Amino acid sequence: MSRLRIKLATGVAVIGAAATTAAAVAGDGHKLRTHLSGFEEVPAVLTKGEGTFKARVSRASDAIEYELSYRGLEADVRQAHIHVAQENVNGGIVAWLCGTTANPGPAGTPVCPQSGTVTGTIEPADVQAVPAQGFDPAGEFAELVRALDRGVAYANVHTVRSPGGEIRGQIEDRHDD
């Protein structure tokens with residue numbers, strides 16, 4: 001009878017370990033998204049421009065794969081970023097999404113189209129220092145992910161007409177996707 005108990009206990013342990021591993025893998029790669037509009041900017045910007053930001057976080061590989069799309073902007077694009085701040089508050093730049101000749105961003109930053117889609121990957125080396133917001137030193141990838149998880153980060157696209165940003169959206173964690 002004790003052999004049966006040992007086999008049963010071993011089986012339960014194996015199933016438990018498998019379930020824990022599956023949950024950990026499922027927790028990695030969660031999705032983030034937002035819709036960008038001028039009404040989300042601080043102060044609000046009246047524009048026909050709009051966009052979307054989608055991303056997938058991989059804690060296992062310390063990477064955020066993203067896609068930023070936008071159209072209808074009323075001036076030439078200068079740059080796009082992720083900033084850390086709650087809704088209705090402006091925050092510091094923690095990661096570049098794209099840049100232009102006038103504002104190229106750090107080495108390896110993708111080029112912003114005037115309208116369309118840009119994709120890229122944010123890695124620890126891409127996270128910029130913002131000491132006033134706790135991002136010091138640079139490379140605070142875990143802190144960026146934590147801010148994204150808590151909904152205190154936004155994506156925005158800056159233009160010549162609206163240097164503070166023409167369209168913006170608060171990034172939301174989409175664990176349900």
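Read-outs: derived from the displayed coordinates by stated rules, not from any lab. Treat the numbers as computed from the prediction; the structure is a model and nothing was measured. Please note: Cβ atoms are built from the backbone with ideal geometry, for glycine as well, and neighbour counts cover all protein chains shown.
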Just to confirm the filter: which trypsin sites (Lys or Arg not before Pro) across the range 42-110 are DSSP coil and have at most 12 other Cβ within 10 angstrom of their Cβ? Lys48
The range 29-177: C-alpha gyration tensor shape, a/c 1.5 cut-off, then a/b vs b/c: rounded
What relative contact order, as a whole-number percentage, does the range 29-174 give when Cα pairs under 8 Å and 6 or more residues apart are counted? 30 percent
His158, His35, His30 arranged by Cβ crowding within 10 Å, fewest neighbours leading: His35, His30, His158
As an exercise, use a Förster radius of 25 Å and the Cβ-Cβ distance of Ala142 and Asn103 to find the FRET efficiency, rounded to the nearest 0.05. 0.35
DSSP loop (so not H, G, I, E, B), at most 15 other Cβ within 10 Å: list which chymotrypsin sites (Phe, Trp or Tyr not before Pro) in the range 86-177 pass both filters. none
Based on the Cβ-Cβ distance from Gln114 to Arg174, what FRET efficiency comes out when R0 is 35 Å, to the nearest 0.05? 0.80
Can you sort Leu36, Leu144 from fewest to most other Cβ atoms within 10 Å of each residue's own Cβ? Leu144, Leu36
Rounded to one decimal in nm, the spacing of the 7 Å Cα→Cβ label points at Val89 and Glu65 is 3.3 nm
